[in-house]
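The values are calculated or read from the model by the stated rules, or taken from the named source; none is laboratory data. Treat the numbers as computed from the prediction; the structure is a model and nothing was measured. Please note: Cβ atoms are built from the backbone with ideal geometry, for glycine as well, and neighbour counts cover all protein chains shown.
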Amino acid sequence: MARVKPKNTITNRTQAETAMSRLSQIDRQSADWDIKEANAVAVVREQFAAIRKDNRCALLVERTLLIKELQTWAEADSATWGRKTLETPFGKLGFRVSQPAVVLVKKAARSFKAALELLQTRLPEFVRTVAEI
C-alpha cells in the first residue's frame, strides 16, 4: 500500500466531528467483516468436524501401520541400498541402526544392580566379567 500524506483539511469542530463519524463507520464496517468472517469459518469448521472425527482415527491407524511396514522393509532391504538414505519422489527414507544397548525394564528390575543380579543367576552367558590384576 502506498504511503498517503494527510492533507490537513480539518479546520473546525464540525469537520473534526465529521471525520470522527467516518472513523466510527470504518471501524464498525471492519468489525462487521471480521464477525462475518468468523461466523463463516465457524460454519465450515462445524461441517468438517464430523468428517475429521470419523476419519482422523482411521488415518492415524493407517499411518502407524505404514510406518511399521516401512521400518520392517527397511530392516530387510537396507543392504541393497547404495547409501543409508533412500530418496523417493515423496520424501527421504533414512535408515540407521544403532548399537545394541541395555534398556532397563522396570517390571523386571528396579535398578541396574538388580538387573545384573538377575542376569547373573538366570542368563550368565550375557554377562561379561573382566579379570583385573
Checklist entry - What single numbered condition from (1) modelled with pLDDT of 90 or more; (2) within 30 Å of residue 92 (Cα to Cα) fails to hold for residue 42? => result (2)
Checklist outcome for this item: Considering region 45-75, residues that are modelled with pLDDT of 90 or more and of a type in the set (A, V, I, L, M, F, W, C), and then whichever is nearest to residue 85 (Cα to Cα), we arrive at 66
Checklist entry - How do the pairs read when you match residues in region 6-20 that are among the β-branched types (Val, Ile, Thr) with residues anywhere that are surrounded by 11 or more Cβ atoms within 10 Å (Cβ to Cβ), using Cβ under 6 Å and keeping only pairs 6 or more apart or on different chains? => result 10/16; 10/19
